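Take a look at the structure below.
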């Protein structure tokens, strides 16, 4: 779409208060997915949209949903009991994404917040506390599938008047262990038979096809591929290196500021997360960590501090990218074995109707800038995901997700410190940068198979699949018009930092990592709202926690903070008479007012001081004009000749 569509052109279909809020937010023009989805959604059509991350998918479904609620309330009297009821349900896979959607809705509803009530029940509040929120019948409900199912089964939530259903990050919502919850929600008789559906995703996968068959009929399918110019906003690099060289290159890149701006470093393990953080602390590089062990409020706070610029580097644990997500090629064998079992399940699946009537003999509709997808039959529901059972076994927060959905502000670089296990996960990791028309870069470390396991302290099992996954990523990105370039380092200059890297890695022991994790836990306990009453009754417990010191503190060496000048890589070649760094340091001043020859081949160890010439000029005891440092035969301006050691022996 070459022409830019402004939001003012939607004045005939959007409320003036919404347009005013968009202007306050600084949004003048609609993105491609917004320009296509909003008019179709307000016509009552189901929307299945595929667009890249950062393309404005959240606003593309929030605006139509809010507009429908405002129009419905406008036609009802204030005394009408059906005026205040839950009309929209937004299902998201992670709590971080739920908070982001709620923040977007609060901004859109700035001038009509009393008209539309929004409730986010994806947080970690108790069901009893959320029951009070649901008693007010909020117009829009944001939640994860597990929380919605809990309230539906407890009969504290009613969806009888539901008009709009939104499933954001549809390709992820099943692979995060929500598949059973979603099936129970749709098959338990909780949903009305007629409602409008929105499925939003950055990739089209089997999970999206399954959801499409469950909740949609004749949807408008928007396959909005990015243009070449938009693909050029993201520059992708890769480096093939060993496990230890990952730490070496990360140290060099961050310490020498080869990457400017805010940066996200993705790792595949929580212990790895703290190891990298403590490693960077050895060089006084401040960073923060984000993983599923941290409580929800702490994760929100960390993301906010990163977005505000308190931290330039955030180390995020992408456990979904390490294990939960799979590429379609990896799932084929498992799918073929279970086709027969799935056929029986599909035949018993409930049928749902969309808001638009079925048109006999008419397939999915085609629109400009999008493709019409084939109508979903029961045969498309053959697949089954095996990853969900694995994610449920984890004791950590299964609704944690950082590589998907969370909007990090002004990220200039993404470093895949540990390479993801699928092409899908790679796409969404690098999608954290180059968002909304900004430029960005990604750098991925790939460990060759012959280098895996050589260093037991820093090796990771997931590195064995790096090369095979990287081949799939190259193929996938090539199909999107992008190319992953090789980032070349001058290893001779980088090797000068190797002994410092090895010294820092030796300081990061297992006990130090354990103490770092305990420190985070103690901080959460001290700041916990639920434990305030306990600490008031038992002040000694709080005092013990505050004065507790680590048994094995990390050894931080102060000299590692600074990079010596002799380790700095040369920024210009040594050219006679040139103005590079090396030639300018060789050239100096000898006697007062006299400049040394820049072609000089040897520079003595004696420091050259400008004031030495002045002392010698006064005619010091040595009687020479060069003074201290002026002559190699004189002892620094004191006028006494050096004795011959052989003659005095």
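The values are calculated or read from the model by the stated rules, or taken from the named source; none is laboratory data. Bear in mind the structure is a predicted one, so any value in this text is a computation, not a measurement. Every residue, glycine among them, receives a Cβ derived from its backbone with ideal geometry; neighbour counts consider all protein chains shown.
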Requested in this report: Take the residues in the stretch 274-302 that are assigned to a helix (DSSP H, G or I) and farther than 14 Å from residue 505 by Cα, then tell me which one is modelled with the highest pLDDT.
Outcome: 302
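Here is a check on your reading of the model: is residue 500 surrounded by 16 or more Cβ atoms within 10 Å (Cβ to Cβ) and modelled with pLDDT of 90 or more? Steps first, please.
On the way: surrounded by 16 or more Cβ atoms within 10 Å (Cβ to Cβ): yes; modelled with pLDDT of 90 or more: yes.
Yes; evaluated as a whole, the condition is true for this residue.
Out of curiosity, is residue 450 over 18 Å from the mean Cα position of the chain (by Cα) and surrounded by 20 or more Cβ atoms within 10 Å (Cβ to Cβ)? Talk me through it step by step, then tell me what you get.
Working: over 18 Å from the mean Cα position of the chain (by Cα): yes; surrounded by 20 or more Cβ atoms within 10 Å (Cβ to Cβ): no.
The answer is no for residue 450.
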Query - Condition broken by residue 569, with the remaining ones in (1) surrounded by 12 or more Cβ atoms within 10 Å (Cβ to Cβ); (2) modelled with pLDDT of 80 or more satisfied - result: (2)
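Does the stretch 476-486 contain at least one residue that is part of a helix (DSSP H, G or I) and touching a helix residue (DSSP H, G or I) at 6+ places or on another chain (Cβ under 6 Å)? Before the answer, list the steps.
Within the stretch 476-486, the subset part of a helix (DSSP H, G or I) is 476-479.
Keeping just the survivors that are touching a helix residue (DSSP H, G or I) at 6+ places or on another chain (Cβ under 6 Å) gives 476.
So far as the stretch 476-486 goes, yes, one or more of its residues are part of a helix (DSSP H, G or I) and touching a helix residue (DSSP H, G or I) at 6+ places or on another chain (Cβ under 6 Å).
Any idea which of 262, 255 is farther than 26 Å from residue 470 by Cα and in the same structural domain as residue 463 (by TED's automatic domain parsing)?
Details: 262 fails: farther than 26 Å from residue 470 by Cα.
Just one listed residue meets the conditions, 255.
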**Report entry** Residue match in the stretch 175-192 (condition: under 18 Å from residue 65 (Cβ atoms) and not in a helix (DSSP H, G or I))
**Finding:** yes
Report task. Could you tell me which numbered condition residue 519 fails, if it satisfies all but one of (1) touching a strand residue (DSSP E or B) at 6+ places or on another chain (Cβ under 6 Å); (2) at pLDDT below 90? Result -> (1)
**Report entry** Odd one out for residue 93, checked against (1) touching a helix residue (DSSP H, G or I) at 6+ places or on another chain (Cβ under 9 Å); (2) over 29 Å from residue 290 (Cβ atoms); (3) not in a helix (DSSP H, G or I)
**Finding:** (2)
Report summary line: If we keep only residues of the stretch 186-213 that are buried (at least 22 other Cβ atoms within 10 Å of the Cβ) and over 20 Å from residue 422 (Cα atoms), then the residue farthest from the chain's Cα centre (by Cα) is 196
Report summary line: Cβ pairs under 8 Å, 6+ apart or interchain, first in the stretch 464-476 and in contact (Cβ under 8 Å) with a residue 24 or more places away in the chain, second surrounded by fewer than 16 Cβ atoms within 10 Å (Cβ to Cβ) and not in a helix (DSSP H, G or I), ordered by first then second residue, are 466/448
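State all residues of the stretch 8-39 that are in a helix (DSSP H, G or I), surrounded by fewer than 20 Cβ atoms within 10 Å (Cβ to Cβ), in contact (Cβ under 8 Å) with a residue 60 or more places away in the chain and more than 27 Å from the chain's Cα centre (by Cα); if no residue qualifies, say none. Spell out the reasoning first.
Looking only at the stretch 8-39, we keep the residues that are in a helix (DSSP H, G or I), and these are 8-10, 16-25, 32-39.
From what's left, surrounded by fewer than 20 Cβ atoms within 10 Å (Cβ to Cβ): 8-9, 16-17, 19-20, 23-25, 39.
Still in the list and also in contact (Cβ under 8 Å) with a residue 60 or more places away in the chain: 17, 20, 24-25.
17, 20, listed by residue number.
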